[in-house]
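Written out below as structure tokens is the structure these notes cover.
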């Protein structure tokens with residue numbers, strides 16, 4: 001009987017439950033939070049509302065909000081991992097061994113990297129793109145609204161899977177990119193690496209679909225008159241990033257699949273023996289991984305371009321050079337992957353080529369930095385909180401970039417490879433570039449999405465805390481790296497004299513946590529006092545691009561009449577021109593119907609991932625059949641559109657236009 | 001009154017234009033998907049190129065694969081691409097029964113191709129040359145198997161389409177679906193040509 005049960009559940013048994021008090025605490029805390037949310041929804045009788053308004057929605061604005069909610073939750077989880085790491089390294093010295101066991105520490109490191117890149121970074125990025133991109137180019141939705149909802153649910157269920165590893169089984173201890181042979185079954189026999197593979201695979205396929213979706217949206221759905229060179233810079237940066245997604249994510253899909261085949265079916269792609277080649281994995285994963293860095297940073301560059309131009313009340317300086325810089329970065333980002341492993345031994349000439357290509361990327365990036373500074377030059381600058389994030393970004397990003405160029409020199413990299421210097425470098429780029437950019441973007445577009453602004457004072461305090469905390473947390477790591485401290489180190493000897501610097505880094509991390517706390521407080525206070533910061537004009541920042549020409553929050557269809565564009569910064573131009581454009585009469589709008597198919601595709605993908613991780617083969621069949629059936633039913637079912645009639649549009653629009661009929 | 005009818009007519013025309021717009025979006029999106037699939041196969045080809053000599057003391061491509069067998073597979077798949085094209089032509093002139101029969105021929109040819117491939121796989125596995133054997137065989141099974149998986153998806157797609165055609169008539173959606181499917185099927189043909197060249201031809205002459 002017991003034997004049968006064991007077979008039914010595959011590798012899953014009671015030992016999969018957490019054994020360490022820290023994990024158990026996290027699991028119990030997390031479960032209580034989930035149960036509390038479920039209880040609250042049930043108590044308020046909001047399940048139907050949740051299902052009809054959110055789970056089945058195909059509206060890009062709501063999908064964007066859901067992306068950001070999931071991403072922020074994952075950001076908090078990743079940040080708590082970071083806190084544990086700082087605590088461990090500040091205390092685990094000499095005879096003291098800190099709170100975490102070596103294996104736990106490796107799991108925390110791996111989870112932190114994976115969660116921050118795939119779920120916090122990518123989530124915030126897709127969230128913001130969803131929120132504003134269609135509005136910005138004067139479109140009513142994305143090209144494929146159903147696919148958009150599918151992408152989101154794949155992302156969300158990928159996030160669910162990675163969090164399941166906390167309570168059921170374990171997470172990978174093989175680093176955020178799971179290099180073989182360590183990540184092979186022989187050296188990582190647990191389910192951790194499988195959790196890593198399948199949560200990334202599910203979320204990654206969602207990202208790939210989003211990439212295709214946004215490319216088509218930008219190239220096919222711009223407002224009449226908006227030629228490519230009249231697009232806002234954010235749209236350009238998204239086009240660049242999504243091109244990278246379309247060409248890089250299939251490589252990730254393949255790499256993860258090959259590792260999964262090695263682990264699950266006993267193949268020998270990356271095995272140490274049997275003619276496998278572990279370095280091939282490292283080449284493949286970085287052929288995806290390096291473009292991935294630019295996928296995250298390019299939209300952040302786009303956000304900064306919009307913010308700097310708006311708050312300097314000036315046109316963006318050097319628009320054309322910005323566009324060329326984006327495409328130079330897109331192109332070059334595929335030619336530098338080897339700089340992640342100069343020490344592989346490819347030879348001096350190969351290393352030199354990749355070293356020089358890496359240094360070249362600094363050129364277009366430098367062009368962008370100078371363009372932003374020249375945009376500010378002689379502008380009427382308003383130092384709002386998005387601008388504070390920007391100022392922090394310019395300072396820190398340039399510093400981190402210089403450290404990057406330093407490491408692009410192969411002999412120097414041989415010294416600094418896998419040291420904390422490298423860790424400090426990429427955190428400078430990703431925290432100050434990606435995270436600050438998305439924080440600034442959220443502050444900037446918050447009133448557009450919800451109809452009221454975020455509290456400025458708390459926002460500024462939060463930004464200052466992040467900037468100061470960041471400097472304190474990461475400058476010591478540069479120094480420690482040069483002193484020889486390696487990454488992923490759970491313990492060191494007291495005689496090295498590193499502890500004071502690690503303590504400073506810990507203090508810096510605490511200041512960042514204060515900043516994070518202030519941001520949460522900022523959202524709460526802003527909702528509390530939302531009547532004081534209401535945005536009735538639709539244009540709270542005196543901005544320049546089309547998303548500000550509609551109401552805040554915009555109606556379901558974004559624009560009752562599609563805007564006609566004849567120059568850059570179209571909204572700014574129409575605000576300041578004397579001739580009013582003549583209003584056309586409304587026509588019915590075709591809008592996508594809600595659908596639950598995206599949710600179920602995500603749910604069945606989760607089932608497939610979970611059953612492969614635990615070798616529960618009957619569940620795999622159910623998940624697989626469910627997935628195929630959902631797709632077939634969706635593609636063969638009838639009309640997917642509903643009509644919003646003229647009278648419905650008038651009902652919404654007339655009160656907004658002050659009672660006059662368009 | 002007449003102007004009202006006129007407005008309605010104009011608006012209906014606009015809606016038709018919108019539908020065409022939607023078709024062109026779908027077509028473009030599908031092309032993009034095919035390009036991402038191309039990158040996927042390119043990665044698998046690269047893997048095969050790296051590992052194809054790592055036989056770990058086992059038999060090499062030259063000893064394992066039979067060229068005439070692979071050539072037969074190729075001819076079957078090429079023919080199926082041709083019949084798929086005939087189905088699209090028939091759909092454009094709205095000849096439903098012809099579409100169904102050409103699609104069925106394509107389906108049968110696709111099934112034959114797939115069963116030949118699976119026969120080869122089981123023959124290899126039976127002679128102790130399965131994917132466990134070496135890095136070379138792992139990459140062979142994965143590359144060719146991924147193509148086979150795509151073929152399987154194509155067969156499923158065809159099955160659903162034939163069923164729908166049988167029940168309904170040829171509308172805009174059917175023609176769009178059939179266009180996308182034929183793109184997919186021709187794409188798989190192109191990929192197979194590369195597999196035939198790189199795996200079987202070059203393997204056959206022992207490069």
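The values are calculated or read from the model by the stated rules, or taken from the named source; none is laboratory data. Keep in mind the model is a prediction, meaning the values are calculated, not measured. So basically every Cβ, Gly included, is an ideal-geometry build from the backbone, and we count neighbours across all protein chains shown.
Take the conditions within 22 Å of the chain's Cα centre (by Cα) and surrounded by fewer than 19 Cβ atoms within 10 Å (Cβ to Cβ) and apply them to residue A:391. Does it pass? Yes.
Only one of the numbered conditions (1) over 24 Å from residue B:29 (Cα atoms); (2) within 11 Å of another protein chain (Cβ to nearest Cβ); (3) touching a residue at least 40 places away in the same chain (Cβ under 8 Å) is not met by residue A:247, and that is (1). Considering only the range B:75-97, I want to know if a residue exists there that is closer than 30 Å to residue A:256 by Cα and either at pLDDT 95 or above or away from chain A (no Cβ under 14 Å) (or both). Checked the range B:75-97: at least one residue is closer than 30 Å to residue A:256 by Cα and either at pLDDT 95 or above or away from chain A (no Cβ under 14 Å) (or both).
Residues in the range B:23-37 that are surrounded by fewer than 17 Cβ atoms within 10 Å (Cβ to Cβ) and without any contact (Cβ under 8 Å) to a residue 12 or more places away in the chain: B:24, B:28, B:35.
Does residue A:361 satisfy being in contact (Cβ under 8 Å) with a residue 60 or more places away in the chain, within 26 Å of the chain's Cα centre (by Cα) and buried (at least 18 other Cβ atoms within 10 Å of the Cβ)? Answer is no for this residue.
Against the test of being out of contact with any helix residue (DSSP H, G or I) (no Cβ under 6 Å at 6 or more places or on another chain), surrounded by fewer than 19 Cβ atoms within 10 Å (Cβ to Cβ) and assigned to a helix (DSSP H, G or I), the options A:503, A:524, A:514 yield a single qualifying residue, A:524.
Among the residues making up the range A:142-173, those that are in a loop (DSSP other than H, G, I, E, B) and surrounded by fewer than 23 Cβ atoms within 10 Å (Cβ to Cβ) are A:168, A:169, A:170.
Here residue A:621 clears all of (1) at pLDDT below 90; (2) surrounded by fewer than 16 Cβ atoms within 10 Å (Cβ to Cβ) except the condition numbered (1). Evaluated against (1) under 29 Å from residue A:546 (Cα atoms); (2) assigned to a helix (DSSP H, G or I); (3) within 14 Å of chain B (Cβ to nearest Cβ); (4) in contact (Cβ under 8 Å) with a residue 40 or more places away in the chain, residue A:205 falls short on exactly one condition, (1). Checking each residue in the range B:118-170 for being within 11 Å of another protein chain (Cβ to nearest Cβ), surrounded by fewer than 21 Cβ atoms within 10 Å (Cβ to Cβ) and outside any helix (DSSP H, G or I) picks out B:130, B:132, B:168.
For every residue, the table says whether it meets (1) surrounded by fewer than 16 Cβ atoms within 10 Å (Cβ to Cβ); (2) assigned to a helix (DSSP H, G or I).
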residue: A:15; (1), (2): yes, yes
residue: A:45; (1), (2): yes, no
residue: A:52; (1), (2): yes, yes
residue: A:67; (1), (2): no, yes
residue: A:70; (1), (2): no, yes
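Residues considered: A:94, A:83. Of these, the only one that is within 22 Å of the chain's Cα centre (by Cα) and surrounded by fewer than 24 Cβ atoms within 10 Å (Cβ to Cβ) is A:83.
Yes or no, residue by residue, for (1) under 30 Å from residue A:255 (Cα atoms); (2) over 14 Å from the mean Cα position of the chain (by Cα):
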| position | (1), (2) |
| --- | --- |
| B:115 | yes, yes |
| B:145 | yes, no |
| B:158 | yes, no |
| B:162 | no, yes |
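Among residues that are crowded, with 20+ Cβ neighbours inside 10 Å and either within 14 Å of chain A (Cβ to nearest Cβ) or more than 27 Å from residue A:254 (Cβ to Cβ) (or both), residue B:71 is not included. Residue check: residue A:560 meets all listed conditions (1) within 30 Å of residue A:319 (Cα to Cα); (2) without any contact (Cβ under 8 Å) to a residue 60 or more places away in the chain but one, namely (2). Residue B:188 falls short on exactly one of the conditions (1) more than 14 Å from chain A (Cβ to nearest Cβ); (2) buried (at least 20 other Cβ atoms within 10 Å of the Cβ); (3) over 19 Å from the mean Cα position of the chain (by Cα), and that condition is (3). Can you spot a residue in the range A:631-640 that is within 14 Å of another protein chain (Cβ to nearest Cβ), touching a residue at least 24 places away in the same chain (Cβ under 8 Å), within 22 Å of residue B:161 (Cβ to Cβ) and touching a strand residue (DSSP E or B) at 6+ places or on another chain (Cβ under 7 Å)? Yes, there is a match, as at least one residue in the range A:631-640 is within 14 Å of another protein chain (Cβ to nearest Cβ), touching a residue at least 24 places away in the same chain (Cβ under 8 Å), within 22 Å of residue B:161 (Cβ to Cβ) and touching a strand residue (DSSP E or B) at 6+ places or on another chain (Cβ under 7 Å).
Every residue, every condition in (1) at positive phi; (2) more than 14 Å from chain B (Cβ to nearest Cβ); (3) under 27 Å from the mean Cα position of the chain (by Cα); (4) assigned to a loop (DSSP other than H, G, I, E, B), yes or no:
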| site | (1), (2), (3), (4) |
| --- | --- |
| A:547 | no, yes, yes, no |
| A:574 | no, yes, no, no |
| A:585 | no, no, no, yes |
| A:603 | no, yes, yes, no |
| A:612 | no, yes, yes, no |
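Only one residue in A:334, A:274 is at pLDDT below 95, within 14 Å of chain B (Cβ to nearest Cβ), surrounded by fewer than 23 Cβ atoms within 10 Å (Cβ to Cβ) and under 25 Å from residue A:353 (Cα atoms), so which one is that? Selected residue: A:334, the only one of A:334, A:274 that is at pLDDT below 95, within 14 Å of chain B (Cβ to nearest Cβ), surrounded by fewer than 23 Cβ atoms within 10 Å (Cβ to Cβ) and under 25 Å from residue A:353 (Cα atoms).
Yes/no matrix, rows are residues, columns are (1) at pLDDT below 95; (2) within 14 Å of another protein chain (Cβ to nearest Cβ); (3) in contact with a helix residue (DSSP H, G or I) (Cβ under 6 Å, 6 or more places away or on another chain):
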{"position": "A:229", "(1), (2), (3)": "no, no, no"}
{"position": "A:233", "(1), (2), (3)": "no, no, yes"}
{"position": "A:237", "(1), (2), (3)": "no, no, yes"}
{"position": "A:241", "(1), (2), (3)": "no, no, yes"}
{"position": "A:257", "(1), (2), (3)": "no, yes, no"}
{"position": "A:260", "(1), (2), (3)": "no, yes, yes"}
{"position": "A:282", "(1), (2), (3)": "no, yes, yes"}
{"position": "A:290", "(1), (2), (3)": "no, no, yes"}
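Please verify whether residue A:95 is over 26 Å from residue A:297 (Cα atoms) and part of a helix (DSSP H, G or I), treating the condition exactly as stated.
Judged against the criteria, residue A:95 is not a match.
Within the range A:571-587, being within 22 Å of residue A:654 (Cα to Cα) and modelled with pLDDT of 90 or more holds for one residue alone: A:571.
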